[in-house]
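Peer 1: First the structure, which I've put down as structure tokens, then a few questions once you've had a look.
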Amino acid sequence: MTTRIDATGTRIGMWIFLYSEIILFGGLFVLYAVYFYEYPELFAKGGKELNRIIGSLNTVVLLVSSFTVASSITAIQRGKKGQAMGFLAFSIFCGLVFVVNKYFEWGAKIHHDIYPNSATLQDGEPGLNIFFGLYYVITGLHGLHVIIGMVLLTVSLILVLRGRITASRYALLENSGLYWHLVDLIWIFVFPLFYLVL
């Protein structure tokens with residue numbers, strides 16, 4: 001006896017979940033805007049402390065991974081299991097590159113005593129402490145979403161390998177792809193807010 005999956009229902013459920021995620025990050029972006037209005041010069045100063053090369057690299061990595069996730073869905077729809085697995089594996093690798101880059105970036109900041117309520121920031125201007133507080137909260141939350149996305153893509157990869165995701169049954173892969181695209185979309189807003197702030 002085969003279990004019937006309501007593909008339309010799962011898509012609608014995923015879109016509702018994605019909207020709730022957009023509201024979460026949207027609220028954080030509004031908070032950023034309020035404090036940016038209060039401390040524009042200090043936010044610009046804080047932005048100069050961040051590594052634009054790593055930020056740019058992470059942007060490219062996520063954009064490429066979004067393309068390969070979409071390609072994996074197209075491949076499975078065409079019955080090309082091997083291609084779908086290759087695209088998924090590459091997307092997971094891109095997520096890993098992003099997380100490792102973020103680990104080294106955070107590590108360098110913490111090593112230089114730049115983190116919320118550190119002695120360096122407490123003795124400085126309050127706007128810098130707020131900037132880096134928002135930086136750690138927003139990029140940390142985004143990083144958590146990247147890790148969750150990697151888990152979803154890994155589960156999808158295993159199910160493709162086992163023949164559970166096929167050309168006629170790929171709702172989980174499609175929803176995992178939607179989640180990954182959300183992660184990418186959020187970073188497109190995060191990158192200029194912190195790394196390109198003027």
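Peer 1: Between beta-carbons, use under 14 Å as the cut-off and find the net charge around His145, counting Lys and Arg +1, Asp and Glu -1.
Peer 2: Computed value for this residue: -1.
Peer 1: Now, a different point. Taking the range 127-196, which trypsin sites (Lys or Arg not before Pro) meet the DSSP loop condition and have no more than 10 other C-beta atoms within 10 Å?
Peer 2: When the trypsin sites (Lys or Arg not before Pro) of the range 127-196 are filtered for loop state and at most 10 Cβ neighbours within 10 Å, Arg162 remain.
Peer 1: Based on Cβ point charges of +1 for Lys and Arg and -1 for Asp and Glu, what charge dipole magnitude is obtained for the range 8-195 about its Cα centre, in debye rounded to the nearest 20?
Peer 2: Here the size comes out at about 1140 debye.
Peer 1: Here is a further query. Lysine pairs in the range 1-160 8 or more apart or on different chains: how many have alpha carbons under 29 angstrom apart?
Peer 2: For the range 1-160, qualifying lysine pairs total 4.
Peer 1: What net charge is computed for the residues neighbouring Asp113, neighbours being all others with C-beta under 14 Å from the C-beta of Asp113, Lys and Arg scored +1, Asp and Glu -1?
Peer 2: Local charge sum for Asp113: -1.
Peer 1: A further question follows. Summing -39500 (n - 2.57) over the DSSP H runs of n ≥ 4 in the chain and dividing by its residue number, what mean residue ellipticity at 222 nm do you reach, to the nearest 500 deg cm²/dmol?
Peer 2: My calculation for the chain gives -29000 deg cm²/dmol from helical runs alone.
Peer 1: A further question follows. Which entry in (1) 19.2, 60; (2) 16.3, 51; (3) 19.3, 67 matches Rg and Dmax of the Cα atoms in Å derived from the coordinates of this structure?
Peer 2: Working out Rg and Dmax of the Cα atoms in Å from the coordinates points to (3).
Peer 1: Follow-up. Can you give me the angle between helix 126-161 and the longest principal axis of the chain, using Cα atoms only, in degrees from 0 to 90, rounded to the nearest 10?
Peer 2: The two axes meet at around 10 degrees.
Peer 1: Using the heavy atoms of the protein chains and a 1.4 angstrom probe, tell me the accessible area per residue for the chain in square angstrom.
Peer 2: Value returned for the chain: 53 Å² of accessible area per residue.
Peer 1: What ranking do 71-81, 176-186 get when scored by the average of other Cβ atoms within 10 Å per residue, highest first?
Peer 2: 176-186, 71-81
Peer 1: Once the dipole of the range 8-195 is set up with Lys and Arg at +1 and Asp and Glu at -1 on Cβ about the Cα centre, which of Pro126, Phe90, Ile158 lies farthest towards its positive end?
Peer 2: Going by the charge dipole, the pick is Ile158.
Peer 1: So, counting K/R as plus one and D/E as minus one, what does the shell of residues with Cβ under 15 Å around Val155 add up to?
Peer 2: Charge balance in the 15 Å sphere: +2.
The values are calculated or read from the model by the stated rules, or taken from the named source; none is laboratory data. Note that the structure is predicted; figures quoted are calculated from it, not measured. Neighbour counts run over all protein chains shown; Cβ positions are idealised from the backbone, glycine included. Just so you know, the surface numbers come from the protein's heavy atoms only, side chains and all, with ligands and any DNA or RNA stripped out. Shrake-Rupley method; radii C 1.70, N 1.55, O 1.52, S 1.80 Å.
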